[in-house]
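Encoded as structure tokens, the structure appears first; notes follow it.
Derivation of every value follows stated rules applied to the coordinates shown; laboratory data play no part. It should be emphasised that the depicted structure is a prediction, and the values quoted were computed from it without experimental measurement. Positions of Cβ are backbone-derived with ideal geometry, glycine not excepted, and every protein chain shown enters the neighbour counts.
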């Protein structure tokens, strides 16, 4: 996975990362993304529909997300389109999480985070 | 309906964005709205406000981004936009010049609008922060206060929690976490100076309930919540900063609270405050999970319910537990009494409702009032702009004749009104900011979360559309009127011999509407003013003037029960000897200081059957001359004398409310009663006194039971270490304060004097909500009256000006000036009467919402309505008489020339 560092993924905002993490579980629709974020963060992050789609649009423009058809088994609803991670999106999430991991490790090393 | 509004707002987004995501967004919104609706109406309102603000923001950001992107691409569309923008700027510049040419008009219009928008923004900001914003805890909609009602004791609520019920409730899966909580006070010694502080007692589970954690150190561990567990304390951030210099090293050290050493284990976050409790520090609320006592009510509690749980479903589950209490507490007779005679019922109340409920009504009334002021302001401005538009008919006609389309002409008027709206909006924000600062600084009412009130993005998001809508509202009329008949206007120079009937009709409708709105607010202000006056003159049942009150708290470690009573008596003697002090007395709790101690008593005449409960009263321990000192009237029998004070013969005094409730058919004097659980001895009623209010002057009196200071039974149910003193003084009660401090210090220098103040201030504070609402509604009403009268005057003057020629003809044909002015006043009177009739109907529809704020007056009080209607008619006629009499002086020669 070393060669991928050449096409460095765009910087992710907090909400952007939250959305990618929500989509990471499989193709979902906008409502489920919002619900997932709200539940996971205990309501601390609860984007309005407008803000949610703004970021969704940006993530699609940057090629991190794509539209897909409803997964098999889900009720097929013409008005409901699903979002899924692209390969590029997957790389972006893992790059961002790796970055955070190094920061966490550094914080631990310097005794700023976590206990004994 | 919300979905449609959202769909409309979606149009604000750039077309490309809308095409790609519009349908998806609508769908997502609908599903989330359904979620919010399930959580309650308040939740839905909040959700909608947040969603609309979010969409507005997204639209602005997306449009700016889109334009920047387009410009970067140098697409041909760019030029088109540029052309439209240029045209708009040209109109705006033109409008600016036009407004600058008439500074008087501009100032009047901008100021009128700024005042109305400022008032609306300020009150909305207050409402948003205090009522609509969630409590600062995650998923705060799942926090509930567990209260209980006791129909068997005539109590619709306020029983609180008991330790026994807690023991059972905590096992329920529907409750995720639950904590007993209570406010308390203590003397904390850090270093050498003792400080009297407010404290909150809570359980180790409180952090789970609220979903928060201390900023430093830790919260209570499980064993610290048990009776006899380690003594620990968590500081508020404010106290840590103020008294400990924000020093992290104090964690782990020991401080003394009420003489007992406590280990300092944590500091709460700076922004943490528990609603309704002011706390400088936090100590564990001791609870024995093995308790075998079912009762022991009066404790506060807060719980986090499981997701998806409703308060109704929870109440049903809790009531099942209550019904089963006799089986769960087999040894306790009270368990059966709770079910059978007390008829206990669970009453889970959402925390939000508990916190904002009492003030929400008041704030909604204010929102309604300022909205009405805005409507009147808009009507007034529409009028002003109509006059301006008509004065410019020639200019418009010329533009038309030269080929300007009606869009262009309309754009010209719209540019002017939008500019006024913009200026008014900006100035309004400034006024709102200043107004809020005044309000926060001087608010006589304790509003929850008031310290967090400030103008923020949400207030701005509220003001911008408000100003825009207001601008369109008063800008639209002149635009519609701009379709003038070019030929006619140019030909006769704008001097039509008959005032256009349509023109006058629009103005008359505006005038009637203004007066109707003004009538609404004046009625509201009138009702509130009378409530305020009756509250002020209402007899609270005791004397408040020339009285100083304060509290003394004795440390239990140094003053055992006997010593505490002795100290209090010595203090009374010392205070009576002070110059300027005419009398001194004490009670465990004074009137209007809230529930001191409410407890259960039983009457000898009705022996209890197996733990049955038959009466509840406010228990008070008082000094001998308490009733004379407070001027609480003796109704029958006698009050305590010096011999009674020693506790001999167990005498008690009751008040009229208790006598009425529990001795309706017999003479209460000589009857016997006892506090349940405190003693086996019977107490004899020796006298009946007038009732005293517990929380507010307006309330219906609650039963009171008075014991002498040294009564043994009273000592077991009431704190002997806390006493409220009342001194009768000269005109300025605070003048004796230095002497009082010296006298107490001479007895014991370590006993602090707590909250000394005038009794009259305490009385004023309890009526503050009505006063506060009255002042703000009064200001709104005054504004509406002023604007309404100015509006009426303007309309009538304008009508007279239009009819100059007609009036000239009438006078030339022999009409007397009095006939002419009479005719104009009569015609105005018809419009004013219409306004008053509609205003009365509207006021009747709206005044109901005021009901809870009124005192001693009905919301539909006919006299208030009649006086307001008559006053408005009189002022309205005066406003029409001035232009009418001027019209009568028109010289026929001049007008017909």
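If you look at the Cα atoms of the stretch B:822-897, you get an Rg and a Dmax of 18.3, 63 Å.
Listed from fewest to most Cβ neighbours within 10 Å, the set B:472, B:378 follows the order B:472, B:378. Spatial offset of the stretch B:705-727 relative to the stretch A:13-72 amounts to 63 Å, using the alpha carbon center of each.
Seen against the Cα atoms of chain B and their longest principal axis, helix B:311-323 is set at about 20 degrees. Mean partner shielding of peptide B:5-14, defined as the number of other chain Cβ atoms within 10 Å of each residue Cβ, is 1.
Rounded to the nearest 10 degrees, the angle from helix B:561-576 to the longest Cα principal axis of chain B is 60 degrees. A compact globular protein would have a Cα radius of gyration near 2.2 N^0.38 Å; the ratio found for chain B is 1.19. Counting Cβ atoms of other protein chains within 10 Å of each Cβ in B:57-63 and taking the mean gives 3. Projected label points at residue B:775 and residue A:13, each 7 Å from Cα along the beta carbon direction, are separated by 4.2 nanometres.
Roughly speaking, what is the stretch gain from residue B:867 to residue B:171, that is 0.36 nm per residue apart minus the C-alpha to C-alpha distance, in nm to one decimal?
Numbers: separation 696, 0.36 × 696 = 250.56 nm, distance 6.09 nm.
Length gained, residue B:867 through residue B:171: 244.5 nm.
Is the shape of the protein assembly as shown rounded, prolate or oblate, going by the alpha carbon gyration tensor and its root eigenvalues a ≥ b ≥ c, with a/c under 1.5 for rounded and a/b larger than b/c for prolate? It is oblate, given that a/c is not under 1.5 and a/b is not larger than b/c. Note that the stretch B:520-584 carries a Kirkwood radius of 16.0 Å, evaluated over its alpha carbons pair by pair. The length gained by stretching the chain between residue B:306 and residue B:63 to full extension, at 0.36 nm per residue less their Cα-Cα distance, is 83.3 nm. Report note on the peptides B:411-420, A:96-105, B:858-867, B:535-544: ranked by the mean count of other C-beta atoms within 10 Å, highest first, their order is B:411-420, B:535-544, B:858-867, A:96-105. Treating each Cα of the stretch B:243-385 as an identical point scatterer and ignoring solvent, apply the Debye formula and state log10 I(q)/I(0) at q = 0.13, 0.20 Å⁻¹. Evaluating at q = 0.13, 0.20 Å⁻¹ gives log10 I(q)/I(0) of -0.93, -1.25. Here B:627, B:105 are placed in order of increasing Cβ neighbour count within 10 Å, fewest first, which gives B:105, B:627.
The stretch B:772-790 and the stretch B:243-281 have Cα centres separated by 47 Å. Between residue B:842 and residue B:333, the modelled label-to-label distance comes to 6.4 nm, taking each label 7 Å out from Cα in the direction of the beta carbon.
Expressed as an acute angle from 0 to 90° and rounded to the nearest 10, what is the orientation of the C-alpha long axis of helix B:15-38 relative to the principal long axis of chain B? Taking Cα atoms only, the helix is inclined about 30 degrees.
Between the stretch B:555-596 and the stretch B:181-237, the alpha-carbon centres lie 29 Å apart. Our estimate of slack between residue B:813 and residue B:826, defined as 0.36 nm per intervening residue step minus the Cα-Cα distance, is 2.6 nm.
A Förster distance of 45 Å, applied to the separation of the beta-carbon atoms of residue B:700 and residue B:293, puts the FRET efficiency at 0.90. Each of B:369, A:48, B:885, B:140 was scored by other Cβ atoms within 10 Å of its Cβ. Arranged with the fewest first, they read B:885, B:140, A:48, B:369.
Per-residue shielding of A:28-34, expressed as the average number of other chain Cβ atoms within 10 Å of the residue Cβ, stands at 4. Relative contact order for chain B: what is it in percent, counting Cα pairs under 8 Å that are at least 6 residues apart? Once normalised by length, the contact order is 14 percent.
With a Förster radius of 25 Å applied to the beta-carbon distance between residue B:102 and residue B:456, the computed FRET efficiency rounds to 0.10. With a Förster radius of 51 Å applied to the beta-carbon distance between residue B:878 and residue B:12, the computed FRET efficiency rounds to 0.60.
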